[in-house]
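Read through the structure below, which is laid out as structure tokens, and then see the notes.
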Amino acid sequence: MKETYDIAVIGTGPAGLSAALNCVSRNKKFIIIGPKQGSKKLEMAKKVDNYLGFISDSGKKLNQTFTGIIKRFNLNHLDTMVNQIYTMPDVFFIELKDGSTVSAKSVVLATGINMERGIKNEELYLPYGISYCPTCDANLYKDKEICVIGYNEDSIEETIFLSGISSKVYFVNMTKKVIDFDNPNIEVINKKPTSFELDGEKLLLNLEGDMLKADGYFVLKDSKSPENLVPGVEVEKGHIKVDANFETNLKGLFACGDLIGQPYQIGKAVGEGNICGLSASKYIERLNRR
Ligand SMILES: Cc1cc2nc3c(=O)[nH]c(=O)nc-3n(C[C@H](O)[C@H](O)[C@H](O)COP(=O)(O)OP(=O)(O)OC[C@H]3O[C@@H](n4cnc5c(N)ncnc54)[C@H](O)[C@@H]3O)c2cc1C
């Protein structure tokens with residue numbers, strides 16, 4: 001049987017890596033999950049002038065320094081994305097991009113904020129055939145028609161994979177690149193999705209006024225909204241709600257960084273990550289004393 005970690009930190013940006021440091025200091029059995037490249041946002045900052053001790057240099061350099069701790073402290077790290085987190089009493093099941101799972105008694109969520117807005121009605125009509133994980137759900141659509149709303153490189157590969165299972169794939173191209181799959185099973189649509197609409201039990205996608213009807217829809221982008229990532233987590237005005245210890249409404253689930261609110265700053269993310277790692281460690285120590 002696979003081991004259950006004390007703590008799983010999700011996200012390799014400033015908040016997640018800072019949380020990881022306290023998990024190391026408190027000697028917890030932990031894992032950090034997220035891309036080895038760290039924070040794309042930080043990478044985009046041309047010049048960082050407001051982070052104490054770091055004098056006027058690029059966000060890229062700071063990001064490299066931050067992610068460098070993975071090697072330096074030999075952190076237990078999985079270079080992948082989390083697809084969904086399921087909450088059970090005293091344990092969380094973390095489903096990864098490839099469909100496999102990791103379990104942990106506590107989770108620190110540090111996945112940043114999603115700058116891309118979701119599609120209108122996406123959350124409302126989730127049970128009518130919207131998915132985020134081709135590996136997990138492709139078999140539901142064997143010989144059926146599906147639509148991929150693809151925002152990244154990964155979505156191109158996943159579309160090719162899905163075209164081998166379903167009878168037809170519509171690829172709504174949100175990648176900002178010209179794409180030609182050269183595959184009769186795949187139709188590329190270069191229109192923006194404006195909303196999901198329900199026609200009886202059937203889900204339709206509104207593409208700038210044209211309605212597309214498919215059996216299932218895969219929304220594939222780099223990050224998901226918090227309520228899609230962790231069903232049941234309390235969100236207020238787009239941010240996860242936490243208490244003074246950075247614990248959410250779900251016992252054992254902590255959150256920090258941009259994900260819990262403004263100002264969106266490196267210093268705030270690092271500070272909150274630090275407290276979050278400590279809060280999660282103390283939660284485990286209390287759990288083990290029970
Ligand atoms: C252009 C730009 C310039 C900026 N300049 C400054 C500045 O000068 N000074 C300043 O203080 N701040 C600046 N910021 C803001 C700063 O970058 C953020 O406040 C900070 O990076 C937030 O850290 P975070 O860890 O909360 O989130 P992020 O940095 O967004 O990190 C989130 C991490 O979670 C990972 N992740 C997301 N979803 C998943 C998932 N499902 N599974 C696993 N991992 C996941 C991401 O890949 C990433 O590693 C700037 C931001 C931008 C966009």
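Enumerate the helices (runs of 4 or more DSSP H) found wholly within region 1-115, keeping only those where 3 or more residues are touching a residue at least 60 places away in the same chain (Cβ under 8 Å) and closer than 22 Å to K224 by Cα.
Details: elements: 14-25, 40-44, 59-72.
The helices (runs of 4 or more DSSP H) meeting that bar are 14-25, 40-44.
Regarding V270, is this residue part of a helix (DSSP H, G or I) and touching a helix residue (DSSP H, G or I) at 6+ places or on another chain (Cβ under 7 Å)? Lay out the reasoning, then the answer.
Numbers: part of a helix (DSSP H, G or I): yes; touching a helix residue (DSSP H, G or I) at 6+ places or on another chain (Cβ under 7 Å): yes.
Yes: the conditions hold for V270.
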Within region 247-286, restricting attention to residues that are on the phi > 0 side of the Ramachandran plot and in contact with a strand residue (DSSP E or B) (Cβ under 8 Å, 6 or more places away or on another chain), which residue is farthest from the ligand (Cβ to nearest atom)?
G252
Within region 70-88, considering residues that are within 13 Å of the ligand (Cβ to nearest atom) and in contact with a Leu (Cβ under 8 Å, 6 or more places away or on another chain), the one farthest from S100 (Cα to Cα)
I70
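Being part of a loop (DSSP other than H, G, I, E, B) and in contact with a Phe, Trp or Tyr (Cβ under 9 Å, 6 or more places away or on another chain) is the requirement here; does F181 meet it?
On the way: part of a loop (DSSP other than H, G, I, E, B): yes; in contact with a Phe, Trp or Tyr (Cβ under 9 Å, 6 or more places away or on another chain): yes.
Judged against the criteria, F181 is a match.
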Taking only region 18-63 into account, find how many residues are in contact with a Lys or Arg (Cβ under 9 Å, 6 or more places away or on another chain), small (G, A, S) and within 7 Å of the ligand (Cβ to nearest atom).
2
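Yes/no matrix, rows are residues, columns are (1) under 17 Å from the mean Cα position of the chain (by Cα); (2) under 25 Å from Y283 (Cα atoms):
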{"site": "L21", "(1), (2)": "no, yes"}
{"site": "S25", "(1), (2)": "no, yes"}
{"site": "G38", "(1), (2)": "yes, no"}
{"site": "D49", "(1), (2)": "no, no"}
{"site": "D79", "(1), (2)": "yes, no"}
{"site": "F93", "(1), (2)": "yes, yes"}
Taking region 217-246 as the region of interest, how many residues are touching a strand residue (DSSP E or B) at 6+ places or on another chain (Cβ under 7 Å), more than 20 Å from G277 (Cβ to Cβ) and part of a strand (DSSP E or B)?
4
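A short reminder: the numbers here are calculations on the coordinates, not readings from a lab. In this text the structure is predicted, and so the values were computed from the model without any measurement. Reconstructed Cβ throughout: ideal geometry from the backbone, glycine too, with neighbour counts over all protein chains shown.
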